[in-house]
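One structure is given here, and the rest of the page talks about it.
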């Protein structure tokens, strides 16, 4: 019989948790290094707790719950549950979920909204959430570009089109050598661009100190951040991050252009420059994701990105601030598919 206990942040717990995650999503592997880093980098003013289900000393599932730091609304929390593929539909996911709901309902600031995720190719995770009253709020398109298939000749003039407008494309490394305010300015640009990225809830501006933690991440690639510079103003960016568990892949971070400079081919030029970097540095695949109606997804498809299974965002609105969210509903425990995973570990959406 399994028991639920606190995650102890030991090497053994991390290795067991990441092994479990990678068994659920072998095509989107996570790393102990990245997960451990982001656990240490969390903004401590936001609640976060993690528990595991253990049987005979073996971790067979885990749960995390807390507040969404990137989209903070008082009373908004997330619950994420994952269960080993060979132990699903045995009540483990339900027990972990109910444990999380009990933790949240006991808080002074009662939950009014709870969010979670499911990958669309794992329908048991979707059913698990819907049986508990969750409704889908967004679909995120995941797409990959196999670099060997990229048609360089078709986009041969994309970078030149940007340069002809007097706009330079500089790397983070190049700008760091000449701009003492680079990090602060990139923080401001990031928040400005994020206002136009589709999201179920408004984006919270993270403290500058938290942004700096992104730049200290083991996934940070300063030579793979490309910034569009117009007369000294930063007007666009695209960036790659290392996939620590997949050395032959690069993950795309934020790509965007400020409103005053859109529809001028800048995003295309930045993306083509980034793709060239990836090929020159031996990457095999570039990964990215977009809300399904985001025009950036269309650009990615045009560049040759091909769709993968997408992620579905879910939300449950509670009738009152004191309502418990422990209506266990179905015992379908394929909830390894009920939340998203990234190389940085748990996402708090």
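Computed from the coordinates by the stated procedures, all read-outs in this text should not be read as laboratory data. A quick note: this is a predicted structure, and the numbers were derived from the prediction, not measured. Glycine also receives a Cβ, built like all others from the backbone with ideal geometry; neighbour counts cover every protein chain displayed.
Structure notes:
- All-pairs Cα distance distribution in the range 151-303, expressed in whole percent, bin size 5 Å: 2, 9, 18, 23, 23, 17, 8, 2, 0
- Angle in degrees between helix 92-105 and the longest Cα principal axis of the chain, rounded to the nearest 10: 80 degrees
- Principal-axis tilt of helix 32-41 within the chain, Cα atoms, nearest 10 degrees: 90 degrees
- Our summary gives the range 151-303 a relative contact order of 25 percent, counting only alpha carbon pairs under 8 angstrom and 6 or more residues apart.
- Across the chain, the convex hull enclosing all Cα atoms gives 131 Å³ per residue.
- Calculated P(r) tail over 18 Å for the range 205-265, as whole % of Cα pairs: 47 percent
- Pair residue 106, residue 44: separation of 7 Å Cα→Cβ label points (nm): 2.2 nm
- Here the spin labels are modelled as points 7 Å beyond Cα on the Cα-Cβ line, and at residue 164 and residue 55 they lie 6.5 nm apart.
- For the chain, the relative contact order comes to 32 percent (Cα pairs under 8 Å, sequence separation of at least 6).
- Nitroxide proxy distance, nm - points 7 Å out along Cα→Cβ at residue 23 and residue 259: 4.9 nm
- For the range 1-149, convex hull volume per residue from C-alpha positions, Å³: 146 Å³
- Of interest is the spacing of the C-alpha centroids, which for the range 1-25 and the range 242-269 amounts to 33 Å.
- Structural size metrics of the range 80-194, computed from C-alpha coordinates, are Rg and Dmax of 23.3, 62 Å.
- Note on the range 92-135: Cα Rg divided by 2.2 N^0.38 Å, N the number of residues, gives 1.26.
- The range 146-194 and the range 104-127: distance between their alpha carbon centers, rounded to Å: 37 Å
- Principal axes of the range 115-168: Cα extent on each, largest first, Å: 55, 28, 13
- Extension gain (nm, one decimal) between residue 136 and residue 156, 0.36 nm per residue minus Cα-Cα: 3.2 nm
- Ranked for footprinting exposure by Cβ neighbours inside 10 Å, fewest first, 281, 72 give 281, 72.
- Note on the range 55-127: Cα-only Rg and Dmax are 13.5, 39 Å.
- Using the average count of surrounding beta-carbon atoms within 10 Å as a protection proxy, the listed peptides 230-240, 191-201 rank, highest first, as 230-240, 191-201.
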